[in-house]
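Structure record follows, encoded as structure tokens.
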Amino acid sequence: MNLFTKIGIQVHTLHWWLTWNKHNSHYPSPVPENPKFMTAWQAVELIHDGAVVGTSGLGGNQRCSLMYWAMRERFLAEGRPKDLTIVSVGGQGGRGKVPGTLEELAVDGLEKCLISGHLETFKGQLKLADAGKLELQCLPQGTLALLLKAQGSGLGIGSSSR
């Protein structure tokens with residue numbers, strides 16, 4: 001690795017570190033004429049109190065940080081959405097260190113239940129659970145994935161797979 005490559009990596013790392021926690025949940029859609037695209041804040045307005053919200057990703061990969069920030073911001077500003085049940089197949093917490101993970105939702109009243117296949121990375125939620133303010137459920141990741149697949153296929157409780 002030559003000197004310029006090393007400097008380039010260091011500059012890239014510095015830029016990443018300086019913008020680590022910067023976000024705009026009102027950032028406009030790049031396609032404003034298409035109603036299927038909206039800001040994260042507008043998307044959060046579609047989440048009703050008591051809703052079940054399924055998330056994707058595993059660990060720190062593929063998380064929708066802007067959506068989590070918008071959910072937290074709207075709850076702190078308006079008190080909504082509240083009492084959510086969050087379903088996360090993999091542990092998408094940041095161990096209390098990484099912004100933009102599901103730990104953004106670790107606010108008293110925002111979540112009522114967290115269902116995940118791995119809970120160790122959710123330091124904020126674990127503190128709420130210790131205080132008796134959040135229900136935690138841990139299920140095997142494969143079972144959770146199959147449950148989400150069944151729900152997406154229209155199979156609910158009591159449905160058969162005929």
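The values are calculated or read from the model by the stated rules, or taken from the named source; none is laboratory data. Worth saying up front: this structure is predicted, and the values here are computed from it rather than measured. Cβ sites come from the backbone with ideal geometry, for glycine too, and all protein chains shown count toward neighbours.
So for the stretch 7-20 (the condition being within 30 Å of residue 118 (Cβ to Cβ), of a type in the set (A, V, I, L, M) and modelled with pLDDT of 85 or more), does at least one residue qualify?
So far as the stretch 7-20 goes, no, none of its residues is within 30 Å of residue 118 (Cβ to Cβ), of a type in the set (A, V, I, L, M) and modelled with pLDDT of 85 or more.
All but one of (1) at pLDDT below 90; (2) acidic (Asp, Glu); (3) touching a helix residue (DSSP H, G or I) at 6+ places or on another chain (Cβ under 6 Å) hold for residue 111, so report the exception by its number.
Result: residue 111 fails condition (1) only.
So which of 71, 67 ends up being buried (at least 19 other Cβ atoms within 10 Å of the Cβ) and at pLDDT below 90? Spell out the reasoning first.
Working: 71 fails: at pLDDT below 90.
Result of the check over 71, 67: 67.
Looking at the structure I just gave you, is residue 151 part of a loop (DSSP other than H, G, I, E, B) and modelled with pLDDT under 85?
Considered against the rule, which asks whether it is part of a loop (DSSP other than H, G, I, E, B) and modelled with pLDDT under 85, residue 151 comes out as no.
When residue 126 is evaluated against the numbered criteria (1) in contact with a Gly (Cβ under 9 Å, 6 or more places away or on another chain); (2) in contact (Cβ under 8 Å) with a residue 12 or more places away in the chain; (3) more than 21 Å from residue 47 (Cα to Cα), which criterion, by number, is the only one it fails?
Only one criterion is unmet by residue 126, namely (2).
Out of (1) touching a Phe, Trp or Tyr at 6+ places or on another chain (Cβ under 7 Å); (2) closer than 29 Å to residue 17 by Cβ, the odd one out for residue 73 is which?
Here residue 73 meets the rest and fails (1).
Only residues that are out of contact with any strand residue (DSSP E or B) (no Cβ under 7 Å at 6 or more places or on another chain) and either under 10 Å from residue 56 (Cα atoms) or at pLDDT below 75 (or both): list them for the stretch 90-101, please. Can you show your working first?
Residues of the stretch 90-101 out of contact with any strand residue (DSSP E or B) (no Cβ under 7 Å at 6 or more places or on another chain): 93-101.
93, 94, 95, 96, 97, 98, 99, 100, listed by residue number.
Among the residues of the stretch 13-50, what is the count of those that are under 15 Å from the mean Cα position of the chain (by Cα), under 13 Å from residue 74 (Cβ atoms) and not in a helix (DSSP H, G or I)?
Number satisfying all stated conditions: 2.
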